[in-house]
Amino acid sequence: MSYFNAFKLNIFAVYTLQIIMTTLQNEHTFHIPVMGLGYTIDSPIKVAQYGITSVLSITDDELIEKMRAFYSQKFSFPYQEITSKNPDYRAERIKHYLNLVDKIVKHKFENFKNELSENKIALENFIGMLSNKSDLKNGLKKLIDEGNTMKDTIKEYLSENLFAGEIDVNIMTKVDKDNFIKNKPLPIEYNDAHAALRGFATSDLSSAVVLSAGMNPRLYSYFESFSAFFPDMNLKLKKKIILKVSDFRSALIQGNFLAKKGLWVSEYRIESGLNCGGHAFATDGLLLGPILEEFKLKKNQLIQSAHELLIKALEVKNKPIPTEPLVLKITAQGGVGTSEEHAFLLKYYEVDSVGWGSPFLLVPEATLVDDETRSLLANAKEDDFYLSAISPLGIPFNSVKGASNEKWKQKRIHENKAGSSCPKRLLALSKEYNNEGLCTASKKYQDIKLNELESLKTGLSQIEFKKQKNKITEKSCLCVGLANAAYLENNIEIKGQQQGIVICPGPNLAYFDKVVSLVDMVKHIYGNNNVISYKNRPNMFVKELKMYVDYLKNELSNFSDEITSGQIKKWQTFKNNVMAGIEYYETLLSNSNCFSDTQTAILEQLNFYKFELSTIEIN
C-alpha cells in the first residue's frame, strides 16, 4: 500500500471514529428545525435539557428583545433594554438573547440531571423518551436492573453520557436588507443578515448557524471576520455552519465556496422542495429519495474536495490545519410522519438526524403557538393546506385555511385600506421605487401599485383587473404575522396594526389531529407510541410526488407569459426528473424490504402518478 493511500485510509479511519464519538454524544436521532420567526424562538429553553436539538430564528431582533425581557424576568436575571439608539442594536439584541438562552439551558440541564438521579419516576419517564437503540437508554436500564439505584451512581453516569441539545440558530440569507440612517446607507455589515450573524458569532454559544434560502456570497464572505468559525488550536470549531440545501450540486458548490475561505460546512440539511413548511423552494423535479441517494453515494466527494480546499485556505491564513477532515453530517427533513419513515431515512440513506418540524406545532411543551391557531392546525384536513402567494419574497409559501391573518387582511382590502403598516421592514427588499426598499406587503407599496393599475383599468377586462388587483393585495405581513403567536402565548402586548397570525405548516400536519405532549411525540418518533389516528396517510415519498405532479400541472395551466423554447425545456426537464424519481422508487421497493406493510399500496400509487404524469403534454 502506498504512503498516500495509507494516509487516506488513516484520514477516514479517524473520520469514522469522529462520527462514532459524535453519535454517542447525540442521543436523539431527530431535531426540531426552525419554524417561522417565533414558533421555535424559545424551543431550546423548552427541550434542550432532554438532549433534543432545536433551531431558533434570529431574524426578528424586536421579538428577540421582547423574549429576552420576558425570560430575564421569569428566571430572575438582570435586564437592561437594548434600544434602537445603540448603533449596533440588532446584533447586540441577538447576542444577549442567545447568551441568556445558553445560561437558562445550562441551568435547566443541571437541574434535570439532579432530578433524574433523585426521582425514580422522572428517570423512568425520561428513559421512555429515548430510542430503543439508544446507548444511554440501555445503559440506564442496565444500572437499574443491576440494582444500582444510588443517587451518586446515576448522577455520575448521566454526567458522562447525557448531553444537552444544541441551541442552533437560523439565518434566511435572502433577508439581508440594507439599512440607512437619514437616507444614508450604513456599511454592509449592518445589513440585517450580516448583523444577525455578528450577534451569533459574538455570543457565548458553541453551536451552529443554519443558512437557508440559497447562497449569499457577500454574507458567506463575512464569516471570515470571526475566528470562532475557524478551527482552534485543538482543531475544534466553536461555531459551526449548516447549509440547508435541496440538491447535491448546490451543496458541492456552496461547500467549496466556503472551504476556499477556510470555512468548513459541518452539516448539509437536505429538505424536501415542496413537502415542507415555510417557503417552498421547488427543485427542477428532483424528488427527495433520489437526492438523498446521491448524497449517500457521494458524501466522500463532498468531504474530500472541501478538505483539500480548506487546508490550502488555512495555510494562507496561517491558522491551525486539521490533518484529517472535520466531521460532516448529512440530515434530512420534510414530510416525515411515522417511526418507520424516520428509521428508513436513518438506516438506508445513513443520515445522521431527521428533522421533525410541523408535528411539533401541536406540542405546547416544544413550540410557541397560541391556542386558537393550535386548535386550527389540529382540526385542519388535507385540503386546508396549500401553497400560497402571500410571501413578499415572491416564493410559494405553505399556508393553512382559516389563519386569522387572512381575515384581517381581507377586512383592510374591503375597506380600501390594503397593505400593512410595515413596522419592522425586515422584508423591505423591493427597490422598484426607492433605494431604501419597500415590502410588497406594505400599504405604501400597494397604494402605488393599485394607483398604477387604476390608470390601466380602461384597457383591461373586469376579470383581468380583478386578477391583477388580487396579485397586488394578496401579500401578507410575515414579519408581524409570524411573530404574533409568541406574543400571545407569553401575554406580551402587541402594538400597532392588527395583523393576526400567519402560520406556515407543511402539508404533513394534515395527518396529526390533536395536541400531544412532548413525551408522546418523541415516543411516536421512535415507534413506542402512535399519535396519528388518520387511517390512509400516504407515504412521505408518495405525498411529495403528488405535490410535484400537481405543481407542474399548476405551472402549465397558470402560465400567462409568452411561452419560449427555454420555458418548454425547463418544464420538460422537470417532468423527466419526476418520472426518473418514480422509476427510482419502483426499483428501490423492488430490491428491498422497506415499508413492507404498505409496499403494494405504494407501488400502486407510484403507477397512478406515473400514468398521470405521462398524460401531461408540454409543447
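Given Cα positions, please report Rg to Rh for the range 177-278, the hydrodynamic radius being the Kirkwood one.
Computed over Cα atoms, the ratio is 1.00.
Can you give me the Rg/Rh ratio for the range 537-582, using Cα atoms for both radii and the Kirkwood formula for Rh?
So for the range 537-582, dividing Rg by the Kirkwood Rh gives 1.06.
How do 91-98, 327-334, 215-222, 561-568 rank on mean C-beta neighbours within 10 Å, highest first?
By packing density, highest mean first, the sequence is 91-98, 327-334, 215-222, 561-568.
Provide, as a two-decimal number, the C-alpha radius of gyration of the range 96-203 over 2.2 N^0.38 Å, N being how many residues it has.
So the range 96-203 has a normalised radius of gyration of 1.67.
At 0.36 nm per residue, and after removing the present C-alpha to C-alpha distance, how many nm does the segment from TYR433 to GLU415 gain when stretched out fully?
My answer for the length gained is 4.0 nm.
Sorted from largest to smallest, which semi-axis lengths in Å does the alpha carbon gyration tensor of the range 387-441 give for its equivalent ellipsoid, taking the root of 5 times each eigenvalue?
21, 15, 9
Express the carbon and sulfur contribution to the solvent-accessible surface of the range 348-456 as a percent, rounded to the nearest whole number, probe 1.4 angstrom.
Ligands and nucleic acids excluded, carbon and sulfur give 50 percent.
If the reach is capped at under 13 angstrom between alpha carbons, list the aspartates and glutamates near LYS466, excluding any in the same chain fewer than eight residues apart.
Filter leaves GLU454, GLU474.
Could you report the accessible area of CYS594 in Å², rounded to 10, computed with a 1.4 Å probe on the protein chains as they sit in the structure?
10 Å²
Under the 0.36 nm per residue contour assumption, what length would be gained going from the current alpha-carbon distance of SER517 and ASN558 to full extension?
Length gained between SER517 and ASN558: 10.5 nm.
How much mean residue ellipticity at 222 nm does the chain get from its helices, if each DSSP H run of length 4 or more adds -39500 (n - 2.57) and you divide by all residues, to the nearest 500 deg cm²/dmol?
-15000 deg cm²/dmol
Hey, any idea what % of the range 196-306's accessible area is carbon plus sulfur with a 1.4 Å probe?
Summing carbon and sulfur atoms, their accessible area is 51 percent of the total for the range 196-306.
Describe numerically, in nm with one decimal, the distance between label points set 7 Å from Cα along Cα→Cβ at ASN318 and at ARG249.
Label-label distance for ASN318 and ARG249, simple model: 4.1 nm.
Distance in nm between label sites at GLU452 and PHE611, each 7 Å beyond Cα in the beta-carbon direction?
For the pair GLU452/PHE611, the computed spacing is 4.7 nm.
Check cross-link reach from LYS312 to the lysines: straight Cα distance under 19 Å, and skip same-chain residues fewer than eight apart.
Within the straight-line limit of under 19 Å, LYS312 reaches these lysines: LYS8, LYS236, LYS260, LYS261.
What is the packing order of peptides 137-143, 364-370, taking the mean over residues of other C-beta atoms within 10 Å and listing the highest first?
Taking the mean over residues of other Cβ atoms within 10 Å, the ranking is 364-370, 137-143.
Taking the Cα centroid of the range 311-353 and of the range 137-171, what is the distance between the two, rounded to the nearest whole Å?
One Cα centre to the other: 25 Å.
With all protein chains present, calculate the accessible area of TYR39 using a 1.4 Å probe and round the result to the nearest 10 Å².
Answer for TYR39: close to 0 Å² accessible.
In units of 2.2 N^0.38 Å, what is the alpha-carbon radius of gyration of the chain?
0.98
How long are the semi-axes of the equivalent ellipsoid of the range 229-274, taking √(5λ) for every eigenvalue λ of the Cα gyration tensor, in whole Å from largest down?
Three semi-axes, in Å: 23, 12, 6.
Which of the peptides 78-85, 254-261 is most tightly packed, and how do the rest follow, judged by the mean count of other Cβ atoms within 10 Å per residue?
Packing order, densest peptide first, comes out as 254-261, 78-85.
In terms of the ratio Rg/(2.2 N^0.38 Å) built on C-alpha atoms, what value belongs to the range 473-590?
Rounded to two decimals, the normalised Rg is 1.54.
List the pair-distance distribution P(r) of the range 112-271, using every Cα-Cα distance, as the percent of pairs falling in each 5 Å bin from 0 up to the bin containing the longest distance, rounded to whole percents.
Per 5 Å bin, starting at 0, the Cα pair percentages come out as 1, 8, 14, 15, 12, 10, 10, 10, 9, 6, 3, 2, 1, 0, 0.
Give LYS95/LYS240; LYS469/LYS495; LYS177/LYS467; LYS66/LYS431; LYS174/LYS239; LYS244/LYS471 a once-over and call out the pairs whose C-alpha atoms are over 19 Å from each other.
LYS469/LYS495; LYS177/LYS467; LYS66/LYS431; LYS174/LYS239; LYS244/LYS471
Considering the alpha-carbon set of the range 302-367 alone, what are its Rg and its Dmax in angstrom?
Rg and Dmax of the range 302-367, Cα atoms, are 18.0, 50 Å.
The values are calculated or read from the model by the stated rules, or taken from the named source; none is laboratory data. This one's a predicted model, so the numbers in the text were calculated from it and none came from an experiment. No Cβ is skipped: glycine too gets one built from the backbone with ideal geometry, and neighbour counts run over all protein chains shown. SASA here: full protein model, heavy atoms, side chains in, ligands and nucleic acids out. Shrake-Rupley method; radii C 1.70, N 1.55, O 1.52, S 1.80 Å.
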